[in-house]
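The values are calculated or read from the model by the stated rules, or taken from the named source; none is laboratory data. Keep in mind that this is a model prediction, so the values were computed, not measured. Cβ atoms come from the backbone with ideal geometry, glycine included; neighbour counts cover every protein chain shown. Note: areas computed on protein heavy atoms with side chains; ligands, DNA, RNA excluded. Shrake-Rupley method; radii C 1.70, N 1.55, O 1.52, S 1.80 Å.
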Amino acid sequence: MRPRQNIIDLFSTFIQFNADRFSHWITEPKLRRSMENAITRLQQSEGSESFWVLYWYKYWQTEANNFSKFHLTAYLQESCYWTAEKTSNNFGSNQYTLSDCFQIAIANLDTVLKGYNPTQGFPLKNYASAIFSSTIRNLLRDR
């Protein structure tokens, strides 16, 4: 997988699977425009990854339509992918593919966001990876 290199891509692109493997990144135009507008509005020169995580997380806490949730979903794509790959390989289940495990994990994004506390000092990616991993493992064990 080619990691995303710039802030706009981090918060506006999603993984495209092909034959149960990473294929490429797909840009969501509305999220891209939203990031570009936010950068312009805040007069940021893109800023740091941690700034934007906190920005969209705080916005998610107060926003009625949760558009910021889509930015955070895009941001956590890589963490979710690597967690799904590692967990699915460790279980060795033929029943659930990498893309299945990815979907199981990303579907629990609300659990990640509701449980995350930025004042604890842990990056959102690390916290999300732990929650994604336990979510996938629990489901695979139950089945």
Quiz item: Which condition number does S68 fail, the rest of (1) without any contact (Cβ under 8 Å) to a residue 24 or more places away in the chain; (2) open to solvent by 40 Å² or more (accessible area, probe 1.4 Å); (3) touching a helix residue (DSSP H, G or I) at 6+ places or on another chain (Cβ under 7 Å) being met?
Solution: (2)
Self-check item: Answer residue from segment 1-22, given it is within 24 Å of C101 (Cβ to Cβ) and in a helix (DSSP H, G or I) and is farthest from the chain's Cα centre (by Cα) among those
Solution: D9
Exercise. State yes or no: is S79 of a type in the set (S, T, N, Q), touching a helix residue (DSSP H, G or I) at 6+ places or on another chain (Cβ under 9 Å), without any contact (Cβ under 8 Å) to a residue 24 or more places away in the chain and surrounded by 14 or more Cβ atoms within 10 Å (Cβ to Cβ)?
Key: no
Quiz item: Checking W25 against (1) surrounded by fewer than 19 Cβ atoms within 10 Å (Cβ to Cβ); (2) in a helix (DSSP H, G or I); (3) of a type in the set (F, W, Y); (4) touching a Lys or Arg at 6+ places or on another chain (Cβ under 9 Å), which test does it fail?
Solution: (2)
Quiz item: How many of the residues making up segment 10-41 are without any contact (Cβ under 8 Å) to a residue 60 or more places away in the chain, under 22 Å from Y116 (Cβ atoms) and aliphatic (A, V, I, L, M)?
Solution: 3
Quiz prompt | Flag if I7 is under 26 Å from T119 (Cβ atoms) and β-branched (V, I, T) | solution = yes
Quiz item: Looking only at segment 84-134, which residues are more than 17 Å from T73 (Cα to Cα), open to solvent by less than 60 Å² (accessible area, probe 1.4 Å), in a helix (DSSP H, G or I) and not polar (S, T, N, Q)?
Solution: E85, L98
Practice problem: Could you please find all residues in segment 113-132 being within 13 Å of the chain's Cα centre (by Cα) and either closer than 24 Å to R21 by Cβ or of a type in the set (G, A, S) (or both)? | Solution: K125, A128, S129, A130, I131, F132
Self-check item: All positions within segment 28-56 that are in a helix (DSSP H, G or I), under 16 Å from F67 (Cα atoms) and open to solvent by 50 Å² or more (accessible area, probe 1.4 Å)
Solution: P29, K30, R32, R33, E36, N37, L54
